[in-house]
Amino acid sequence: MKREIIVNASMTQTRVAVLEDGHLVELMIDDVKARSIAGNIYKGRVLKILPGMQAAFVDIGLNKDAFLYVRDIFEDVEEYEQLLSLGETDGEGPTDSAEDLRPAPPPPGKRRSHPSIEELIQEGEEILVQVAREPLGTKGARITSHITLPGRFLVYMPMESHIGVSRKIENEGERQRLKHIVEELNQKNEGVIVRTAGVGKSRAELQGDLEFLRSLWQKIREKAEGVKGPALVQKDLDLVFRLFRDLFTRDVARLVVDSPSEYERCLEFTESLFPDLRSLLYLYTEDDPILKSFGIEKEIEKALRPKVWLKSGGYIVIEETEALVSIDVNTGKYVGKHDFEETIFRTNLEAAREIAPQVRLRDLGGIIIIDFIDMARQEHRDKVVIELKEALKPDRSPTNVSLLSDLGLVEMTRKRVKQGLIRSISQACPICAGTGAVRALPSIAHQILREAEWQLYRRKPSQVRIRAHPDVTAWLKAEEAEVIEALQQQYGGEITLAAEEAWPPAKYQLQEV
């Protein structure tokens with residue numbers, strides 16, 4: 001698979017597009033005025049405890065209060081109290097380091113108790129938290145006190161004691177090698193996870209990454225100690241730097257940047273972090289805008305539409321709701337070549353291969369329900385689910401796929417961190433208010449005539465002027481002329497029509513003259 005990264009940098013936005021075999025599979029946008037806050041670390045102030053929900057509202061300085069669940073707080077009360085001290089001295093020695101804040105593990109066989117949220121935090125207290133999910137719609141940010149600091153090869157969790165290796169590293173020998181190195185480096189029982197980019201890295205490279213993250217955590221602690229909440233303590237890296245941290249690896253064929261200043265910045269990152277990849281970096285100098293030249297703008301426009309056509313002639317329909325995302329698979333124009341069951345199976349296989357990149361591109365999250373076309377054979381069902389799981393492997397966000405039900409439904413979940421593509425670059429239609437439908441002209445006309453009849457009957461004005469969209473007034477003249485005449489004769493008032501070009505179809509006004 002050929003992977004390319006295209007960077008479009010302007011004064012208002014930076015957009016990073018990831019192409020796999022020429023197809024757009026991921027789009028990241030960093031707006032200068034509204035940058036992502038996911039990953040930011042804040043010193044927040046607890047505003048309100050909700051015992052019934054075992055959660056709390058925390059002020060971290062945003063427009064909406066953030067939401068903290070009890071499971072996102074340290075489960076050990078002593079550990080939590082030590083975190084709040086943020087390095088206060090005991091009067092006898094130097095400031096405790098983050099590693100020294102770890103409580104002793106419980107004795108074997110004895111489970112740690114799970115205190116209620118009232119035992120862990122109190123209203124008015126300050127706590128160090130990280131944004132786990134950005135504000136979505138009417139919901140505030142989801143925060144956690146389990147701080148994670150991603151590096152180039154490792155993820156450092158200063159308040160945890162877990163050592164792990166990314167599940168995407170499948171070679172068991174390499175997994176064991178990496179785990180052994182980290183265990184040797186991690187004598188103080190810190191939380192460390194080896195990222196996929198850690199494959200093949202030496203002990204020295206992993207050690208350098210870990211030491212950098214330890215130093216960063218110490219700086220965060222020192223800053224948090226000196227500020228009063230709510231306050232921003234650590235801002236996550238900008239999009240271009242995150243690109244080098246998370247995406248720029250040896251499996252990238254090339255990285256193309258259209259801004260000379262950003263290109264120079266990328267050169268600095270490359271030469272300091274991985275000089276052997278210098279040859280993969282290119283400055284775009286063509287006349288056409290870079291995303292248009294690579295066909296990416298068209299792909300973005302397609303991603304805003306609910307219907308996605310498959311090469312065979314079938315199609316899928318993707319609809320986002322507040323609770324979940326539904327994906328419906330249809331045969332469309334595809335009639336197959338042999339039997340009906342084979343036609344359905346081929347359509348579902350192609351749909352599974354297309355759904356995975358669409359989920360990544362649109363950045364869909366939460367619960368996703370896929371309605372495949374019903375298949376009679378169990379072997380076909382199994383193959384479709386396997387195909388879907390295989391197609392989801394390149395996705396950097398964690399996903400979980402259930403079995404195909406008797407109704408042809410697959411339930412999957414995908415970690416949601418921020419708003420999806422559609423909601424981040426679009427807004428609800430001012431005409432339909434986001435419903436996707438508007439009232440039909442006959443319905444609007446009939447409502448207008450009902451109200452006009454009521455006014456003529458109750459108030460007996462000499463004239464009722466109906467102001468409405470030209471399509472509505474035209475409909476009234478063409479289809480309801482007899483009704484208007486009958487109303488005028490029965491109630492004695494005159495009905496006049498006035499077209500308002502600038503009004504939406506559903507807006508109207510009745511004026512008594």
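Brief remarks on what is shown
- Centre separation in Å (Cα based) which lies between segment 119-158 and segment 420-454: 40
- Among the GluC sites (Glu not before Pro) within segment 297-392, those in coil by DSSP and having at most 12 neighbouring Cβ atoms inside 10 Å are GLU322.
- Cα centroid separation - segment 352-418 against segment 1-70, whole Å: 24
- Fraction of antiparallel bridges per DSSP, the chain only, in percent to nearest 5: 75
- Largest accessible area first, the residues TRP217, TRP475, TRP503 order themselves as TRP475, TRP503, TRP217 under a 1.4 Å probe with ligands, DNA and RNA left out.
- Which labelled figure in (1) 98, 64, 54; (2) 86, 57, 54; (3) 72, 69, 43 is Cα extents along the principal axes in Å, once derived from the coordinates: (1)
- Backbone HN-Hα couplings from phi across segment 415-420 [Karplus 6.51/-1.76/1.60, Hz, Gly and Pro as x]: 4, 9, 10, 9, 5, x
- Were the residues from LYS477 through THR196 laid out at 0.36 nm apart, the gain over their Cα-Cα distance would be 94.3 nm.
- Amide hydrogen neighbours beyond the local backbone of LEU281, cut-off 5 Å, H modeled: LEU255
- The amide H of SER36, built 1.01 Å from its N in the peptide plane, has ASP31 as neighbours under 5 Å, considering only residues 5 or more places off or on other chains.
- Between SER215 and ASP276, full extension at 0.36 nm per residue minus the direct alpha carbon distance yields a gain of 19.4 nm.
- The phi torsions of segment 288-301, fed into the Karplus equation with coefficients 6.51, -1.76 and 1.60 and a -60° offset, translate into couplings of 6, x, 4, 6, 6, 4, 8, x, 7, 4, 5, 5, 5, 4 Hz, rounded to whole numbers, with Gly and Pro shown as x.
- Computed over protein heavy atoms with a 1.4 Å probe, the accessible surface of segment 373-513 works out to 61 Å² per residue.
The values are calculated or read from the model by the stated rules, or taken from the named source; none is laboratory data. Predicted model only: the values in this text are computed from it and were never measured. Note that we place each Cβ from the backbone using ideal geometry, even for glycine, and neighbour counts take in every protein chain shown. Surface accessibility is based on the protein's heavy atoms, side chains included, excluding ligands, DNA and RNA. Shrake-Rupley method; radii C 1.70, N 1.55, O 1.52, S 1.80 Å.
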